[in-house]
Amino acid sequence: MARKFLYVVVFLIVLAIAGAFAYRFWGAEMLKMAMVPSARFEALPAQPAASYRDVRMWLARPDKPGNPALWTPAGYTRGATPKAAVFFIHPTSFLERSRWNAPLDNKEANDRAELFLRGQASALNDVGAVWAPRYRQATFGAFLTTQANAAKALDLAYGDVAAAFDAFVAQAGDRPIILAGHSQGSLHLIRLLREKIAGKPIAKRIVAAYVIGWPVSRTADLPALGLPECRTADQSGCILSWQSFAEPADPSLILDTYNASSSVDGVARRGTAMICTNPLTGMPDSIAPADANRGTLFPSSDLSTATIEPKRVAARCDSRGLLLIGNPPSLGGYVLPGNNYHVYDYSLFWANVRADAARRLASFGTAAAGHRRQPV
């Protein structure tokens with residue numbers, strides 16, 4: 001299964017690069033023709049939360065046989081009695097242009113999503129029991145167009161995520177909660193924070209929200225999300241976010257889109273600072289040498305497994321809110337134009353993410369115990 005995991009990750013990266021080069025050399029129109037669905041958007045019925053009582057609606061769940069989020073590299077073991085419950089929203093794994101949203105039973109999309117869980121959600125399996133729902137994700141092409149159909153596809157996808165979260169809360173017990181996602185998953189997590197967490201009693205149960213691989217504006221987005229930005233390494237009840245670039249970085253594609261966008265409340269993001277948490281320090285706008293990196297996830301030479309190698313990748317937040325990693329070691333050479341290491345946002349800092357979650361959970365537990373000891 002580990003071999004399969006690495007083969008598919010490499011395939012997806014190559015596919016992303018091919019799309020990026022097509023965009024650079026032949027323009028947006030050609031890329032849109034290749035990836036944006038020509039089919040009519042299908043307005044499907046909402047997925048009820050009750051449907052997520054079925055284990056088959058989950059890619060990862062504590063009682064699911066073959067749970068992909070339980071994977072760990074050599075030298076690491078998952079937590080025997082995890083104290084938290086993790087709700088993880090996987091990134092885009094549906095690449096077809098035949099429709100705007102992935103069917104829940106699409107085998108290729110689900111297989112890819114499970115493989116992403118092995119490389120991303122696995123970083124959190126030491127502290128939490130991981131839940132990751134199947135959802136009718138928007139296809140990759142939905143992010144290449146401003147068509148109304150793209151917004152409808154994302155709304156449909158979010159509806160599934162929201163229903164799954166309600167079921168997760170009902171089934172996961174009263175444990176502390178860690179929220180995490182990547183790319184499209186983080187886009188949905190932002191909305192989930194706004195609609196399901198902000199101003200609700202459940203906000204007091206959130207250890208941390210890892211909104212990785214999607215920009216979060218400190219002024220346009222953060223005020224509506226119900227949790228503050230993580231400012232210290234042991235702070236709990238807060239939000240972390242980063243987007244990884246090697247140097248020299250050319251983030252123009254990301255920044256142009258960001259500056260042309262607005263928050264859900266209509267607040268313009270142009271010129272606003274993005275949250276940049278340095279995963280090596282657990283703090284924003286900071287610098288850390290490679291010696292602070294507890295371990296990057298590397299594939300073996302024959303792509304049959306993956307290992308952790310410490311002290312290989314540095315990190316610093318720049319004034320634009322990007323996480324710069326200098327000149328990193330080769331992870332296979334599959335990076336997006338502009339030295340964008342988006343695919344590796346978790347794996348670059350896998351062991352630090354693992355330690356970060358444990359540290360924040362311990363802080364959360366200490367704060368909760370102190371609150372219980374207060375006189376009535």
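What to note about this one:
- Potential lengthening between D155 and A268 on full extension [0.36 nm per residue; Cα-Cα distance subtracted]: 38.6 nm
- Using bins of 10 Å that start at zero, the share of Cα-Cα pairs per bin across the chain amounts to 5, 25, 36, 27, 6, 1, 0, in whole %.
- Rough spin-label spacing in nm, given labels placed 7 Å along Cα→Cβ, for E42 and S252: 4.0
- Stretched out straight at 0.36 nm per residue, the stretch from D234 to T366 would grow longer than its current Cα-Cα span by 46.4 nm.
- Among I325, I308, the order of accessible area from largest down is I308, I325, computed with a 1.4 Å probe on protein heavy atoms.
- Using the Cβ-Cβ distance between Y76 and Q147 with R0 set to 35 Å, the FRET efficiency works out to roughly 0.20.
- Span-rule helices in the chain, defined as complete DSSP H runs reaching 30 Å or more along the axis (Cα) with Kyte mean at least -1.0: 2-35, 148-171, 350-373
- T92 contributes about 30 Å² of solvent-accessible surface, heavy atoms of the protein only, 1.4 Å probe.
- Value of relative contact order over the stretch 30-110, rounded to a whole percent, pairs C-alpha under 8 Å and six or more apart: 42
- With helices as the sole contributors, the chain gives -10000 deg cm²/dmol at 222 nm; each DSSP H run of n ≥ 4 counts as -39500 (n - 2.57), and the sum is divided by every residue.
- Area of E42 that stays accessible when all protein chains are in place (1.4 Å probe, Å², to 10): 110
- The relative contact order of the chain comes to 17 percent, based on Cα pairs under 8 Å that sit 6 or more residues apart.
- Long-range lysine pairs (8 or more apart or interchain), the chain, Cα under 25 Å: 12
The values are calculated or read from the model by the stated rules, or taken from the named source; none is laboratory data. Quick caveat, the model's predicted, so the values are computed rather than measured. Note that we place each Cβ from the backbone using ideal geometry, even for glycine, and neighbour counts take in every protein chain shown. Heads up: the accessible areas ignore ligands, DNA and RNA and are worked out on the full protein's heavy atoms, side chains in. Shrake-Rupley method; radii C 1.70, N 1.55, O 1.52, S 1.80 Å.
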